[in-house]
């Protein structure tokens, strides 16, 4: 069965973006450190690089290794649309959960107006690679019962406020660490599996 994997960057205080949706505050280190980190990430998860940036990063023909489907909330999808990218992950099946987004925003994107849990349960029964939950925090909170794994890129910065990684009702859910990698730029990538 396919898994739902929340793969996300997070500040030390649990924010995936600033109050205005910004994420440029994540420190990457010097040029050499940033290159080593990006190379490691891109080798394992090339499909998480947006379609418009794949060629510049040498990933134009890279196969999908872990995911063949991406699931986004409007907050995760919106910045790309504002920049003119209505199909940010054209190399994946793309779903956006939103009750306000026009269903014909892009023919390569399926807009799901409600019931993301039913969508994920249906997708999990299909054949294929895993499903990448790209964000945001409200959608992650709604889908917490279906999240099988977390891949958390933890950056050494305190944001102070912003968009939390999970937003929703109090619902303690246990995960266990299955792998952790640290980088010279003080970023850690930790894999968690639901207990």
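Just so it is clear, none of the values below were taken in a lab; they were calculated from the coordinates. Just so it is clear, the model here is predicted, and its values are computed rather than measured. Note that each Cβ is placed from the backbone with ideal geometry, even for glycine, and that neighbours are counted across all protein chains shown.
How much length is gained if the chain between residue 13 and residue 33 is pulled fully straight, taking 0.36 nm per residue apart and subtracting their Cα-Cα distance, in nm to one decimal? Mind dumping the intermediate values first?
Values: separation 20, 0.36 × 20 = 7.20 nm, distance 2.28 nm.
Computed gain between residue 13 and residue 33 is 4.9 nm.
For a label point 7 Å from the Cα of residue 167 along Cα→C-beta, name the residues of the stretch 130-151 whose backbone N is under 17 Å from it. Hits in the stretch 130-151 for residue 167 at 17 Å: 134-144.
Normalised by the residues of the chain, what does the relative contact order come to in percent, with Cα pairs under 8 Å and at least six apart? Walk me through the intermediate numbers first.
Working: 380 pairs, mean separation 67.0, N = 195.
The normalised contact order for the chain reaches 34 percent.
Ordering 1, 72 from the fewest to the most neighbouring beta carbons within 10 Å gives 1, 72. Here the label points at residue 179 and residue 126, each 7 Å from Cα along the C-beta direction, are separated by 2.5 nm in the simple model.
Report summary: the helix-based calculation at 222 nm, which adds -39500 (n - 2.57) for every DSSP H run with n ≥ 4 and divides by the residues of the chain, gives -6500 deg cm²/dmol.
Starting from 0.36 nm per residue, how many nanometres of slack lie between residue 158 and residue 52 once their C-alpha separation is accounted for? Please list the in-between numbers first.
Numbers: separation 106, 0.36 × 106 = 38.16 nm, distance 2.95 nm.
Result: 35.2 nm gained on full extension.
Restricted to Cα atoms, the stretch 53-195 shows a radius of gyration and a Dmax of 16.0, 44 angstrom. Separation of the stretch 1-30 from the stretch 35-95 is 14 Å, based on Cα centroids.
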